[in-house]
Structure formats: C-alpha cells, structure tokens
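Each remark here refers to the structure printed beneath this line.
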Amino acid sequence: MKLTPDALGGHLARDLSPVYLLCGDEPLLVGEAADAVRAKARAAGFTDRIVHFIERGSSWADVRADAGSLSLFASRRIVELRMPTGKPGVTGSAVIVELIERRDPDTLLLILTERLEREAQGASWVRAVDAHGAVVTAWPIGRDKLPAWLEARARRAGLQLEPAALALLADRTEGNLLAAQQEIDRLALTARHGKVGVAELTDSVGDSARFDVFTLGTATRSGNAARALRIIAGLHTEGVEATLVLWSLLREARQMLQVGGRFTRRDAPRLIRRARRVDRAIKGRLQANAWDELALFAAELCGRTPLPGQNRCNP
C-alpha cells in the first residue's frame, strides 16, 4: 500500500506491516516516519535493531544473515536498511524480495532512501514492499502549502504565529523543513504566552532556505523574477554548480518555446545567445560573473529584459 506521512499515524494505530519503505527528499518527514514505525515496532516487541548502511560494495550476504539470525537479547528484531540511492542492484533487489517473501513474523524490515527515480519506482523490490507492506513517500512541501504546514506545526507546539511572522518564517526556511521545525521547537521554549510576532523571529531565524533547480524552474515558469533571483542567490550560496543551474534554465527555455505564450520561436535566437553567454562565463571564456549572467538569463525567461547593471545576483 502507498501512504503519505500524514496517513502513517492512522495506519500504525491500527496495524503494523512487516515491511516499510520510507523515501523522499524531506529528511525531517522521512525521519519522523521512521521514528513512528520504530516506536510502534518496539511496542509490539521488536526490541532488537540491526542497521545496515548500503553503499557500493556492501555485503548483501551480511544483510541476509542478520535477518535470519537469532538475537541473544530479543526474539524480534528490526532490520533497517539505509540506502540513499534507492538502487540496491540486482543482488540487493533479490535479497530484499527474498526477505519480504520469507514473511518472518519476528523480523520487521525498514528501508530508508532518498527520492526514488521513476525507473526505481517500478523495481521488483519496491513492488514487493507495496504488495506486502507500505511505501511512505515524503513529497516536498510546496511554497503555496508551506505557511499552512508551518501554522499546523506551530499550533501543535502550542504557538500562535501572527500572519506576518508566519510569512517571514516561510520565506526564511523554504525548502528546509528541518530548520523550520527546529525554529518552532526553539520558539516553543522562549515565546511569551505562545504568541509569536515578527520581532521574535527577526533576531533568530537565518535565511536557511534550501532551494533547488526544480524550484527555480517553477519560479521562471510563473514569471516571478524576484523569486527566481532569490533562488539563484540561494543556490550560489550553497555551492551548487553553475552548470546545473544553466541546465535547469535551458530546460525551461525549451519548454517555453515549445508551448508558446510568453515566447515564440522568433525569440529562440535571443535566448540561445543569452544561454551561450552564460556558458562562456562559466567556462572562463567571457570576462563576466557567471552567476550574474545566470540571473539575467532567469529574469529574461520571466519576461523581463534587464537593463545593464540591474537584476544582478549578488549572494
């Protein structure tokens, strides 16, 4: 079965499956889901826990042996596989399917991965989890849904955030739910009477937004130049390769030219020249700041033609 992190609690209140796959790009949500599964398992007598960090060259024979061995301390165990790539390979996939189909009542299999690519979602081991247990996917919280998510979390912590404070917290922690939750936890300890305004946030919340190239694509498609430039500044600060950002913008440019609307095919030469200028700046063949050129390209994709010296990206 497939579950969301929000639906997992209700499921665990009723049942405990023999295998769980927890995946997604949000470490906070994946971690909370794992904690919930472990707590339910401990209450059901799974007091032993064996953790395997799966990397290239890891021994799947050890995983199989640990899953089948008897514990000296407990009769029931959690076998936890931390597999960042979500690609166990042919041998690993076969071992996972074997462990699931063995249906050992004394072993609970818990698998944690990052986001599964489309190809991996159809792998035999994922289908086996879906058939015999639960696949919990932690999707990113979109910008439009983030304020409501933060408000619900704050309310759960006994806090009441003023609208302006809520907006500020969303801006400063966008893309980094862990930082958002940490700030809510801190405010729960320090806020007077549980009420939080902008003043309480201004001194403590850093700009911890973790933007990615896909968020940048969304901003350019919507024509939000200010947001696109802020995302580019965030990517620069985090050390993201400029070539990856250029790839994202080129992808959006191609889609915009195909769909039409903001641009027509007559605009293609101009956008190509802009992209080539960015590429030359990245490769050091043009005496220009590559990140400034990326900002200008993004602004142009948003429908704005920047004047010289304007709309620069200076993180």
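No value in this document is a laboratory result; all are computed from the given coordinates. Predicted, not measured: the structure shown is a model, and the values here were computed from it. Neighbour counts are summed over all protein chains in view; Cβ atoms, including those assigned to glycine, are modelled from backbone coordinates with ideal geometry.
Using amide H atoms built in the peptide plane, which far-off residues or other-chain residues are under 5 Å from Gly24 H to H?
Amide H to amide H, under 5 Å and 5 or more residues apart or across chains, Gly24 pairs with Thr113, Glu114, Arg115, Leu116, Ala138.
Out of Ala253, Ala281, Ala43, any idea which swings most in a Gaussian network model of the chain, alpha carbons joined below 10 Å?
For the chain, modelled as a Gaussian network with Cα springs under 10 Å, the answer is Ala43.
So for each of 87-93, 237-243 I average, over its residues, the number of other beta carbons within 10 Å; can you give me the resulting order with the highest mean first?
In decreasing order of mean packing, 87-93, 237-243 become 87-93, 237-243.
Can you give the calculated 222 nm mean residue ellipticity of the chain, where each DSSP H run of n ≥ 4 adds -39,500 (n - 2.57) and the sum is split over every residue, rounded to the nearest 500 deg cm²/dmol?
After summing the helix terms and dividing by the residues of the chain, the value is -16500 deg cm²/dmol.
Can you work out the Karplus-derived ³J(HN,Hα) for every residue in the stretch 220-229? Use 6.51 cos²θ - 1.76 cosθ + 1.60 with θ = phi - 60°, whole Hz, and x for glycine or proline.
3J(HN,Hα) across the stretch 220-229, in whole Hz: 5, 4, 7, x, 8, 5, 4, 5, 4, 5.
Going by alpha carbons, how many degrees (0 to 90, nearest 10) lie between the helix axis of 242-259 and the longest principal axis of the chain?
80
Can you compute the charge dipole magnitude of the stretch 146-202 about its Cα centre, using +1 on each Lys and Arg Cβ and -1 on each Asp and Glu Cβ, nothing else charged? Give it in debye, rounded to the nearest 20.
Around 220 debye, computed over the stretch 146-202.
Over the Cα atoms of the chain, what radius of gyration and what Dmax do you get, in Å?
When restricted to the Cα atoms of the chain, Rg and Dmax are 23.7, 73 Å.
Relative contact order of the stretch 2-138: what whole-number percent is it, with Cα pairs under 8 angstrom and at least 6 residues apart?
Reported relative contact order: 43 percent.
Report, as a whole number in µm² per second, the diffusion coefficient that Stokes-Einstein gives for the stretch 171-288 at 10 °C and 1.306 mPa s using the Kirkwood radius over alpha carbon pairs.
Here the translational diffusion coefficient equals 95 µm²/s.
Once you keep just the Cα pairs under 8 angstrom separated by 6 or more residues, what percentage relative contact order results for the chain?
16
What pairs in Lys2/Lys145; Lys40/Lys195; Lys145/Lys283 have C-alpha atoms more than 32 Å from each other?
Beyond 32 Å between Cα atoms: Lys40/Lys195; Lys145/Lys283.
Given the C-alpha centroids of the stretch 5-60 and the stretch 85-149, what is the distance between them in whole angstrom?
With the stretch 5-60 and the stretch 85-149 each reduced to a Cα centre, they are spaced 10 Å.
Could you give me the ³J(HN,Hα) list for the stretch 186-196, computed from phi with Karplus coefficients 6.51, -1.76, 1.60 and θ = phi - 60°, whole Hz, x at Gly and Pro?
Those phi angles translate into 5, 5, 5, 8, 10, 6, 6, 6, x, 9, 10 Hz.
Using Cα atoms only, what is the angle between the long axis of helix 5-14 and the major principal axis of the chain, expressed in degrees (0 to 90) to the nearest 10?
On a 0 to 90 degree scale, this one is about 10.
In degrees between 0 and 90, to the nearest 10, how far off the longest principal axis of the chain does helix 268-282 point, with axes built from Cα atoms?
70
Dipole magnitude of the chain about its Cα centre, charges +1 at Lys/Arg Cβ and -1 at Asp/Glu Cβ only, in debye to the nearest 20?
For the chain, the charge dipole is close to 1180 debye.
Identify, among Phe297, Ala148, Pro269, the residue whose Cα sits farthest towards the positive end of the charge dipole of the chain, taking +1 on the Cβ of Lys and Arg and -1 on the Cβ of Asp and Glu, with the dipole about the Cα centre.
It is Pro269, whose Cα lies furthest towards the positive end.
Between Thr107 and residues 5 or more places away or on another chain, which pairs have amide H atoms under 5 Å apart, with H built 1.01 Å from N, and which residues are they?
Arg77
Could you give the dipole magnitude of the stretch 5-58 about its Cα centre, charging the beta-carbon of Lys and Arg +1 and that of Asp and Glu -1, in debye to the nearest 20?
Dipole magnitude for the stretch 5-58 comes out near 280 debye.
From the backbone phi of the stretch 172-180, what are the Karplus-calculated ³J(HN,Hα) couplings (6.51 cos²θ - 1.76 cosθ + 1.60, θ = phi - 60°) in whole Hz, Gly and Pro given as x?
With coefficients 6.51, -1.76 and 1.60, one gets 7, 10, 4, x, 9, 5, 4, 5, 5 Hz.
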